[in-house]
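A.B. asks: Dropping a structure here in structure tokens format, bear with me for questions.
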Amino acid sequence: MNAIYDFSILTAWIHQWLSGLMEPTAVMITEMVIIGTILILFVAAMGLVLVLAERKVAAFFQLRLGPNRVGPWGILQTLADFLKLLTKELITTKSADKFLYNLAPFIVMITPFLALGVIPFAPGLQIMDLNIGVFFITAVSSMGVLGILIGGWASNNKYSLIGGMRSAAMVVSYELSVTLAIMTMVILTGTLSMSEIVNSQADGWWIIKGHIPALIAFIIYLIASTAETNRGPFDLAEAESELTAGFHTEYGGIKFAFFFLSEFVNMLIVSSIATVIFFGGWMPFHLPFEWATGFNHIMDFIPGIVWGFGKVTFIIFLMMWFRWTFPRLRIDQILNLEWKYLLPMNLINFLLMSLIALTGFYL
Amino acid sequence: MQAELISKEGTQEYFVNMGPQHPSTHGVLRLLLTLDGEIIRKVEPHIGYVHRSIEKMAEFDTYKQIVHLTDRLDYLSAHMNNEAVALLVENALQIEVSDRVKVIRTIMNELTRLGSHQLWWGVIGMDMGAITTFLYAFRDRELINDIMEETTGARLTMNYNTPGGLMFDLHHNFQKQVKDYLKFFKTKLPEYDQLLSGNVIFTERTKGVGKLSLADAISYGVTGPSGRASGFSCDVRKTQPYSAYDRVKFNEILMVEGDSFARYQSRVNEMWESISIIEQLIDNIPEGPIMAPMKAVVKLPKGEFYQRVETARGEFGVYVVSDGNKTPYRVKFRSPGFSNLSVLDHISRGHKIADLVAIMSTLDLVIPDIDR
Amino acid sequence: MENEKLRQLISSWEPSVELIDGPQYLEVVVPSAQFRALAEKLRFDNQTQFDYMFNMTCVDWNDHFQTIYHLESTKLNHALVLKAKIADHNQPEVDTICDIWRTAELHEREVFDLFGVKFNQHPDLRRLLLTDEWVGHPLRKDYVDEVNMVLR
């Protein structure tokens with residue numbers, strides 16, 4: 001347990017300082033405002049970084065350079081794109097359902113904010129430590145599909161409608177696998193609180209301690225969460241060669257940017273969940289053996305925030321790798337994959353994990 | 001109208017306009033789809049968005065000018081299209097071109113075919129959602145374009161053939177460049193093939209999709225790699241050899257499955273055959289004049305002539321009715337894409353929207369070729 | 001089958017045909033009234049089996065039309081050009097063959113579009129390449145379009 005780089009010291013200090021200045025209620029409101037601002041800035045920054053990363057990774061796989069004109073190595077390219085999207089005129093189609101059409105981007109954008117609230121990125125760097133954090137996050141993350149469905153429906157475009165319907169069918173199916181894969185690991189952790197799950201991995205990550213069932217659960221989670229975020233090879237909802245742009249065909253300007261950004265932030269969130277549950281969150285890489293004490297000690301000196309974001313980056317890279325390598329699946333194949341293969345595998349895996357937990361076979 | 005659209009299950013069919021501006025129609029093809037949910041009930045092609053009345057224009061042009069119209073048809077098989085008109089005039093006037101011309105034409109044909117199939121390979125990946133293939137293919141095809149540019153001065157619409165021979169001689173670097181390219185591409189082709197045909201998603205998406213039976217292929221006149229994937233032996237290079245095709249050894253790729261995957265494989269295998277043809281010829285290009293003696297004004301004898309060649313997409317035909325003047329009385333271009341498009345409705349019914357994209361991609365439609 | 005045999009066979013089926021030896025193919029000109037019956041025979045008779053129609057078009061001869069069908073047999077390896085002579089230049093009509101050779105469906109629509117030849121019993125005879133509101137049929141020899149065409 002490394003307390004060297006604990007963010008709770010910083011947060012506690014800010015809390016004390018504010019408490020000295022004002023009433024407890026006012027302190028709470030001020031802190032909420034600060035956190036909200038930081039969250040918005042964080043999401044915006046992550047969006048910019050991830051979009052650039054995606055383009056650079058794509059360029060890497062496609063043997064080209066990627067953006068390299070705006071700023072050094074093109075790092076300001078996404079900022080320029082964002083400004084362009086901001087200044088674009090918002091066009092609404094005449095026959096669209098105005099209220100729902102305008103509502104959809106917000107629903108899509110709100111869900112990642114909610115989910116970000118319970119994810120521990122580093123020691124103390126967690127907005128709220130709910131004791132049902134895992135439950136909360138699975139509940140909230142499935143709300144994003146509502147926005148896609150509403151957007152697809154309200155655009156009054158057949159391509160959008162097909163895209164929205166595909167997305168709904170897909171997310172509803174893959175939600176099962178995501179949740180079951182997480183639940184498989186919750187058997188081991190014995191808690192639903194995100195920070196406690198991280199703490200339970202101080203001596204080794206669950207993917208190592210949990211033997212093969214944990215590995216299977218991770219692979220299933222990776223597939224299912226890629227599908228849940230509507231990314232390739234499961235990007236049927238926006239399948240550009242079939243549906244032009246799918247559910248966001250009729251959106252432009254900043255509304256489109258919301259859809260676009262939410263995809264990347266969702267990717268960040270599913271990667272963070274995977275990190276917390278399978279890879280020990282911000283915990284350093286520890287081997288659960290006696291002889292590895294020295295190695296474990298060296299690992300402790302790398303800050304938790306580096307571990308946390310490093311693992312998240314790795315999983316995001318994996319997901320980008322999928323996208324730029326695989327062709328897209330067809331809707332019936334996607335549903336077959338879920339209901340005929342992933343779900344039964346998941347249930348068996350769940351049983352196996354229960355046996356392991358009962359016999360105490362895990363490390 | 002409404003009542004007709006409601007099927008037995010009580011679901012209502014609806015229309016979707018795919019195109020004229022759509023990412024996977026590769027041009028301005030418009031398909032009116034009748035859909036039941038995701039399932040295609042009917043596909044109705046609406047074409048003519050790039051109709052340039054080339055057949056009408058040809059009635060006012062001399063035979064040498066018509067050559068230049070043909071590479072605007074199927075721009076990816078520009079060289080073969082040019083050759084069709086050149087051969088037609090040569091056969092009608094009974095002009096014997098030199099061996100050098102024949103061999104160079106054959107090499108150029110196969111290079112063009114390689115380029116066209118490469119582009120198709122990239123595009124099929126993109127249609128399936130794997131955009132990476134698109135960039136790989138374009139990068140390598142660029143090298144063929146460079147070779148073309150060096151000799152003919154143009155990268156896409158070469159206009160290298162002319163009735164009686166060639167416009168100009170080969171660039172002195174040509175043989176070396178082609179050999180270098182083949183050496184490079186022979187290492188890449190297995191890798192690329194593996195990237196798609198070794199991918200389980202790709203095979204799942206294409207196997208059994210858009211099955212075209214042999215009888216239908218013949219009846220619909222589906223030629224080229226698409227027809228040969230259904231077992232229709234329609235390679236003009238084999239059945240009626242022209243240029244130097246009678247002196248090279250190559251296999252006609254025939255398959256029996258007739259589905260999208262067979263069409264994919266027949267094209268990939270055809271690339272190997274093209275490489276083999278070029279390799280057989282590149283080292284022994286005979287010496288000789290590049291232009292047979294021709295009159296300045298070409299006048300075809302009275303009568304009608306038909307010349308078929310094998311382009312990258314199938315059998316391309318030129319039908320000329322001559323009344324003895326310097327301009328033809330009537331010209332008809334039998335474009336392979338036109339016939340291949342006609343089968344689209346037949347083989348995509350009952351499939352999903354995503355399958356339609358796969359089928360269209362494996363039929364390898366080029367819209368200017370269809371619209372003329 | 002040799003051209004000579006084809007000549008005998010076809011003239012025994014249909015005495016009204018005119019047989020010409022073209023530079024490449026045997027040309028069979030048949031009046032439009034007898035055209036459909038001959039086409040069916042050529043397609044389904046065991047001696048001919050013309051199953052592959054590789055080209056179809058039309059020629060305007062100022063006083064009459066000819067629809068032209070290039071036929072080939074993939075099994076017997078012979079080919080011929082079948083021509084239907086449509087005497088009526090004002091209201092040209094011929095029977096469709098798009099149920100015999102499926103590829104003809106689009107080809108006939110094209111001919112209808114550009115020549116105005118009506119194909120009887122065609123399931124869906126509409127303009128194909130030109131817009132629906134186009135006036136006239138451009139590939140006819142008497143077609144004049146001052147707006148969109150440069151006459152030389």
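A.B. asks: Just checking: which of the helices (runs of 4 or more DSSP H) contained wholly in region B:148-264 hold 2 or more residues that are in contact (Cβ under 8 Å) with a residue 40 or more places away in the chain and either open to solvent by 40 Å² or more (accessible area, probe 1.4 Å) or within 11 Å of another protein chain (Cβ to nearest Cβ) (or both)?
C.D. replies: B:174-197, B:200-206, B:214-220
A.B. asks: Checking the condition away from chain B (no Cβ under 14 Å), within 25 Å of residue B:340 (Cα to Cα) and either within 12 Å of the chain's Cα centre (by Cα) or in a helix (DSSP H, G or I) (or both), which residue from C:36, C:43 passes?
C.D. replies: Answer to the check: C:36.
A.B. asks: Another question, if that's okay. With (1) buried (at least 24 other Cβ atoms within 10 Å of the Cβ); (2) modelled with pLDDT of 85 or more as the list, and residue A:237 as the residue in question, which single condition is left unmet?
C.D. replies: Against the list (1) buried (at least 24 other Cβ atoms within 10 Å of the Cβ); (2) modelled with pLDDT of 85 or more, residue A:237 comes up short only on (2).
A.B. asks: Next question. Out of (1) farther than 24 Å from residue B:124 by Cα; (2) open to solvent by less than 30 Å² (accessible area, probe 1.4 Å), what's the single condition that is false for residue B:141?
C.D. replies: Only one criterion in (1) farther than 24 Å from residue B:124 by Cα; (2) open to solvent by less than 30 Å² (accessible area, probe 1.4 Å) is unmet by residue B:141, namely (1).
A.B. asks: Another one. Can you confirm whether residue A:321 is assigned to a helix (DSSP H, G or I), in contact with a Phe, Trp or Tyr (Cβ under 9 Å, 6 or more places away or on another chain) and surrounded by fewer than 20 Cβ atoms within 10 Å (Cβ to Cβ)?
C.D. replies: yes
A.B. asks: Additional query: Counting only residues that are of a type in the set (A, V, I, L, M, F, W, C), surrounded by 13 or more Cβ atoms within 10 Å (Cβ to Cβ) and assigned to a loop (DSSP other than H, G, I, E, B), how many does region A:49-67 have?
C.D. replies: The qualifying residues number 0.
A.B. asks: So, residue B:303, is that one out of contact with any Leu (no Cβ under 7 Å at 6 or more places or on another chain) and open to solvent by 10 Å² or more (accessible area, probe 1.4 Å) or not?
C.D. replies: Yes: the conditions hold for residue B:303.
A.B. asks: Continuing with this model, one more query. Tally time: how many residues in region B:332-346 are more than 9 Å from chain C (Cβ to nearest Cβ) and buried (at least 24 other Cβ atoms within 10 Å of the Cβ)?
C.D. replies: The total comes to 5.
A.B. asks: Select, from A:179, A:184, A:189, the only residue that is under 16 Å from the mean Cα position of the chain (by Cα) and hydroxyl-bearing (Ser, Thr, Tyr).
C.D. replies: A:179
A.B. asks: Another one. Return the total of residues in region C:1-33 being surrounded by 14 or more Cβ atoms within 10 Å (Cβ to Cβ), acidic (Asp, Glu) and assigned to a strand (DSSP E or B).
C.D. replies: Counting residues in region C:1-33 that are surrounded by 14 or more Cβ atoms within 10 Å (Cβ to Cβ), acidic (Asp, Glu) and assigned to a strand (DSSP E or B) gives 1.
A.B. asks: Is at least one residue of region C:127-150 among the aromatic types (Phe, Trp, Tyr) and more than 12 Å from the chain's Cα centre (by Cα)?
C.D. replies: Within region C:127-150 (the criterion being among the aromatic types (Phe, Trp, Tyr) and more than 12 Å from the chain's Cα centre (by Cα)), the answer is yes, since at least one residue qualifies.
Rundown of residues vs (1) within 11 Å of chain B (Cβ to nearest Cβ); (2) of a type in the set (A, V, I, L, M, F, W, C); (3) part of a helix (DSSP H, G or I), yes/no style:
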site	(1), (2), (3)
A:236	yes, yes, yes
A:260	no, yes, yes
A:265	no, yes, yes
A:274	no, yes, yes
A:282	no, yes, no
A:296	no, no, yes
A:307	no, yes, yes
A:314	no, yes, yes
A:338	no, no, yes
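A.B. asks: Still on this structure, I have one more. Being within 14 Å of chain A (Cβ to nearest Cβ) and touching a residue at least 24 places away in the same chain (Cβ under 8 Å) is the filter; apply it to region B:96-125 and report the residue that is surrounded by the most Cβ atoms within 10 Å (Cβ to Cβ).
C.D. replies: Step by step, filter region B:96-125, then rank; the result is B:124.
A.B. asks: Going through region A:20-48 one residue at a time, which ones are under 17 Å from residue A:261 (Cβ atoms), surrounded by 15 or more Cβ atoms within 10 Å (Cβ to Cβ) and either free of Cβ contacts under 8 Å to residues at least 24 places away in the same chain or of a type outside the set (Phe, Trp, Tyr) (or both)?
C.D. replies: Scanning region A:20-48 gives A:39, A:43, A:46, A:47, A:48.
A.B. asks: Also, quick follow-up: What are the residue pairs meeting all of these: first residue in region A:68-85, first residue assigned to a loop (DSSP other than H, G, I, E, B), second residue of a type in the set (S, T, N, Q), Cβ atoms under 6 Å, and 6 or more apart or on different chains?
C.D. replies: Cβ pairs passing all conditions: A:70/A:77.
The values are calculated or read from the model by the stated rules, or taken from the named source; none is laboratory data. This one's a predicted model, so the numbers in the text were calculated from it and none came from an experiment. Don't worry about glycine lacking a Cβ; one is built from the backbone with ideal geometry, like all the others, and counts go over all protein chains shown. With ligands, DNA and RNA removed, areas are computed over all heavy atoms of the protein, side chains included. Shrake-Rupley method; radii C 1.70, N 1.55, O 1.52, S 1.80 Å.
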